[in-house]
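Written out below as structure tokens is the structure these notes cover.
The values are calculated or read from the model by the stated rules, or taken from the named source; none is laboratory data. All of these numbers come straight from a predicted model, not from anything done at the bench. Note: ideal-geometry Cβ built from the backbone for every residue, glycine included; neighbour counts use all protein chains shown. Surface areas here come from the heavy atoms of the whole protein model, side chains and all, with no ligands, DNA or RNA. Shrake-Rupley method; radii C 1.70, N 1.55, O 1.52, S 1.80 Å.
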Amino acid sequence: MTEERYKQAAAGAWIGIAGNLALALLKGVTGYMANSKALMADAFHSASDVVGSVAVLVGLRAAKKPPDEDHPYGHGKAEPIAAIVLSVLLLVVGVEIGISAVKSIYGGVHEPPEGFALTVLILSIIVKEAMFQYKFRLGKKLASQALIANAWEHRSDVYSSIAAFIGVGGAMLGSYFGMVYLYYLDPIAGLVVAVMVLRMGYRLLMDSVHSTMDHVLHQEDAADLLETVQRIKGVIAVDQLRAREHGHYVIVDVKISVNPRISIQEGHDIAKIVKHTLMKRFLHVSDVFVHVNPYDAGYPYKSTDSEPDDMPTLLH
């Protein structure tokens, strides 16, 4: 990861952390003062986005560290490990929010939330959508899947704020029209948001566990890598290409065939070009390991039955 790319990506992660933390505190305090279960739940949903941003930042810092003797493939696994710990905490918070909402529903709701809760929710929707647009575009620019995924977490927070807005607004309408049963829309909305928090925590946990394993990109996802190698001068064929996810970046293992009559130095130079081309063109590729084979025009089509059987054996 280049220094400039790291600075831009880290800036995006810090903006996410600061923005979500501020929103979480604002919605939490307002929800408590306004007596709104929905707004309190939405505050924890914003806090869940802090979890994603922290995981991204941990991964970016780890990716910046060069490989060492104990970690020859780099430190990319630091991000999913941090995300696993944080996502478990998120699941616990989601359960607590859900229990609180259910208790409110069974205990009865005797008054609607205060009106200023709606103002905070509208502000939250606007800010979160702006953060989504910023991080999504930055992620596309830097080819960072971690930033793009984190951007979609901001978009999910927009949906939770809309759900909370409906709950709070409906409860307030119940007060205006004298329909007391509409008061229950606020804790019901809180329960809906709690489910969203649990869903996000579960998805983050599963993605993180998946990332800790050496997952190989599917054929369609590695197609651009394969095509790039095939176009490099001196590469006659690509025998095998595997791209392994290592945290939020990718390590490529590729076997290429070259002219068997060229020197070892020339084969080595072609391999260097393959490595540098992939790392320069694809910013998420952190390292490339190239194995050079002599090109065999008959492989894999030639049959061993057609080989001349003139080699001496124990029988003749």
Which order do the peptides 261-270, 196-205, 37-46 take when ranked by the mean count of other beta-carbon atoms within 10 Å per residue, highest first? 37-46, 196-205, 261-270
Residues with amide H under 5 Å of Val288's amide H, sequence separation 5 or more or different chain, H placed in the peptide plane at 1.01 Å from N; which? Val252
Please report the base-10 log of the normalised intensity I(q)/I(0) for the stretch 106-226, using a Debye sum with one equal scatterer per alpha carbon and no solvent, at each q in 0.22, 0.23 (1/Å). -1.21, -1.25
Just order 179-190, 232-243 by mean Cβ neighbour count inside 10 Å, highest at the front, would you? 179-190, 232-243
Measure up Lys7/Lys37; Lys128/Lys280; Lys27/Lys103; Lys135/Lys233; Lys140/Lys275; Lys233/Lys280 against 27 Å on the Cα-Cα distance and list the ones that go over. Lys7/Lys37; Lys128/Lys280; Lys135/Lys233
Surface per residue (accessible, 1.4 Å probe) for the stretch 104-254, Å²: 51 Å²
Compare the peptides 284-294, 111-121 by average per-residue count of other Cβ atoms within 10 angstrom and give them in order, highest first. 111-121, 284-294
If you roll a 1.4 angstrom probe over the protein chains with everything in place, what fraction of the accessible area of the stretch 113-190 belongs to carbon and sulfur, to the nearest %? 72 percent
